Amino acid sequence: MSFYVTTPIYYVNAAPHLGHAYTTIAADVMARHHRQLGEDVFFLTGTDEHGEPVALAAEALGVTPRELADKNAERFKALAPLLDATNDFFIRTSDPEHGRAVQEVLTRVKDNGFVELGMYEGWYCPRCADFKSEGEIVDGNRCPIHLIELDWEQEENYFFKLSALQERLERHYAEHPDFVAPGSRYNEALSFIRGGLQDVSLTRGKLTWGVPVPWDEGHVFYVWFDALLNYYTALTYARPGEDLTEEFWPASYHLIGKDILKFHAVFWPALLMAAGLPLPEHLYVHGYLLMDGHKMSKSLGNVLDPFEIIDKYGSDALRFYLLRDVSFGQDGSVSAADFEKRYESELANDFGNLASRTIKMVLRYRDGAVPQVELDPVLAPDFDGLCERVGDLMGRAELTPALEEIWQRVRRLNRYVEENAPWKLAKEEGREADLDRVLASLTEGLRTVTVLLHAYIPQRAEVLLDALGAPDLTIANARFGAAVPTQVQDLDPLFPKQPAAEVA
């Protein structure tokens with residue numbers, strides 16, 4: 001069985017920030033979980049390098065678009081391993097292989113009768129690289145995302161006949177109610193479609209920084225159509241000498257932010273229909289990370305620096321915070337203070353302290369040997385069905401509820417320690433069997449939650465599982481009682497407590 005997950009590709013008009021890290025982390029959590037299930041996984045991320053936003057940013061800096069793209073693409077490449085992202089390929093839309101595949105697919109769209117020459121007029125946001133309808137304009141004549149004044153654009157372009165695909169799109173939505181999630185985003189996309197689709201520019205005649213149109217050298221493809229095709233084109237050249245399309249297409253999940261919903265939930269499936277290609281199985285739309293009431297954006301100057309957070313606290317802490325504090329799929333506010341609070345209360349105290357106490361008690365009372373006895377029947381029901389619930393939520397990209405299911409068991413194990421007080425049992429004559437049962441149950445419970453947490457906090461999970469002598473990461477063994485450890489080793493604090501300091 002195969003699983004293919006993608007992030008959006010990120011604009012290279014500025015350096016990466018926490019919003020980019022957010023989507024990459026979420027995709028990696030899904031990829032890791034599906035690998036734990038034993039599936040063949042392909043995880044794609046990369047950079048969107050063509051179009052007017054990049055050209056304008058380069059002009060402002062006095063460099064060429066290629067120079068800016070090369071510089072910032074390396075920053076995005078550097079971010080992925082810092083996040084412990086296990087992407088299988090990093091695509092750049094300036095890759096010549098991508099450009100050739102774009103030309104082939106869009107020529108097919110033209111040959112299928114979905115392209116015509118026409119004149120376009122409309123209000124245009126150069127930072128979005130998008131024409132805005134009257135309903136999308138705010139504060140008189142401003143972009144709702146970047147809050148800048150829009151430009152009136154007029155030029156002769158080739159058009160993609162989106163209107164001809166309206167009925168097919170509506171039918172696909174009716175037949176696939178889980179095509180877009182959460183449900184509010186499905187309704188938003190369907191409402192946009194039902195509102196009546198207009199043909200859209202497929203090319204730009206005033207730009208040179210883009211993929212050339214093979215049938216008209218005076219045009220380049222509109223950046224969005226070039227970019228959207230990356231999810232498909234990457235499979236044709238990600239592994240030298242191989243074409244992975246048959247194995248992994250259609251994609252299982254595209255993870256996107258809500259600001260690019262229209263392109264991915266309307267333009268993208270229509271484009272694939274026009275090219276005669278299968279549609280992706282699911283789009284999952286997450287919300288914004290907010291600071292000071294606005295989407296985190298380099299252009300607005302309100303960002304948390306993921307590099308600084310990772311340098312001080314480690315990548316696991318950042319991964320955990322973003323999917324724990326902000327419900328994936330919704331907007332959510334982030335701050336340095338909230339990060340530090342979550343780190344202290346849950347990672348250092350709930351989980352880190354549980355791991356330290358458990359291992360130290362096995363070392364102290366049983367010289368590191370985990371008693372091989374029947375597990376406590378009082379604790380076992382709390383873990384019944386946990387694997388299945390987590391797997392079901394993960395399979396629907398409901399990453400925050402899945403993490404909450406696991407964390408409830410972390411807290412249950414902490415209560416179990418307090419309820420049974422192993423330090424008291426160790427002092428009471430005739431309670432050796434009770435102490436054995438508690439230590440064995442506690443160690444096995446810790447192993448179980450740690451296997452399930454691996455997708456979220458891979459570095460610390462692996463350190464802990466090694467200390468438990470139980471490195472097996474397969475979900476099949478993430479069941480209470482499936483693989484009770486036999487010997488533990490001491491370990492340093494998983495999440496050391498830090499002196500309070502502002503994270504910029």
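The values are calculated or read from the model by the stated rules, or taken from the named source; none is laboratory data. Bear in mind the structure is a predicted one, so any value in this text is a computation, not a measurement. As a convention, Cβ positions derive from the backbone with ideal geometry for all residues, glycine included, and neighbour counts pool all protein chains shown.
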(message) Testing residue 84 on (1) within 18 Å of residue 232 (Cβ to Cβ); (2) among the charged types (D, E, K, R); (3) not in a helix (DSSP H, G or I), one condition comes back false. Which one is that?
(response) (1)
(message) With modelled with pLDDT under 95, of a type in the set (Asp, Glu) and under 23 Å from residue 189 (Cβ atoms) as the only criterion, which of 153, 136, 170, 121 stands out?
(response) 136
(message) I need a count of the residues in the range 321-336 that are crowded, with 17+ Cβ neighbours inside 10 Å, over 15 Å from the mean Cα position of the chain (by Cα) and in contact (Cβ under 8 Å) with a residue 60 or more places away in the chain.
(response) 1
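So that you can scan it fast, the table gives a plain yes or no per residue for (1) more than 28 Å from the chain's Cα centre (by Cα); (2) modelled with pLDDT of 95 or more:
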| residue | (1), (2) |
| --- | --- |
| 147 | no, no |
| 157 | yes, no |
| 163 | yes, yes |
| 193 | no, yes |
(message) Based on this model, can you work out whether residue 162 counts as closer than 20 Å to residue 251 by Cα and either crowded, with 19+ Cβ neighbours inside 10 Å or outside the structural domain of residue 256 (by TED's automatic domain parsing) (or both)?
(response) no
(message) So residue 88 ticks every box in (1) without any contact (Cβ under 8 Å) to a residue 60 or more places away in the chain; (2) surrounded by fewer than 20 Cβ atoms within 10 Å (Cβ to Cβ) but one. Which box is left unticked?
(response) (1)
(message) Any residue that is basic (Lys, Arg) and not in a loop (DSSP other than H, G, I, E, B) - is there at least one of those in the range 468-489?
(response) no
(request) Can you give me the number of residues within the range 464-482 that are over 23 Å from residue 394 (Cα atoms) and either exposed (fewer than 15 other Cβ atoms within 10 Å of the Cβ) or not assigned by TED's automatic domain parsing to the domain that holds residue 343 (or both)? (result) 1
(request) Kindly establish whether residue 223 is at pLDDT 95 or above, buried (at least 22 other Cβ atoms within 10 Å of the Cβ) and closer than 30 Å to residue 42 by Cα. (result) no
(request) Among the candidates 77, 132, single out the residue that is of a type outside the set (S, T, N, Q), closer than 30 Å to residue 30 by Cα and either free of Cβ contacts under 8 Å to residues at least 60 places away in the same chain or surrounded by fewer than 18 Cβ atoms within 10 Å (Cβ to Cβ) (or both). (result) 77
(message) Restricting to the range 187-209, name every residue that is surrounded by 15 or more Cβ atoms within 10 Å (Cβ to Cβ) and free of Cβ contacts under 8 Å to residues at least 40 places away in the same chain.
(response) 190
(request) Working carefully through the options 54, 41, 5, find the one that is more than 16 Å from residue 286 (Cβ to Cβ), surrounded by 24 or more Cβ atoms within 10 Å (Cβ to Cβ) and touching a residue at least 24 places away in the same chain (Cβ under 8 Å). (result) 54
(message) Residue pairs, Cβ under 9 Å, 6 or more apart or interchain, first in the range 349-378 and closer than 17 Å to residue 407 by Cα, second of a type in the set (Ser, Thr, Tyr) and part of a helix (DSSP H, G or I). List them.
(response) 351/450; 355/450; 358/443
(message) Restricting to the range 41-62, name every residue that is more than 18 Å from the chain's Cα centre (by Cα) and either in a strand (DSSP E or B) or of a type outside the set (D, E, K, R) (or both).
(response) 50, 51, 53, 54, 55, 56, 57, 58, 60, 61, 62
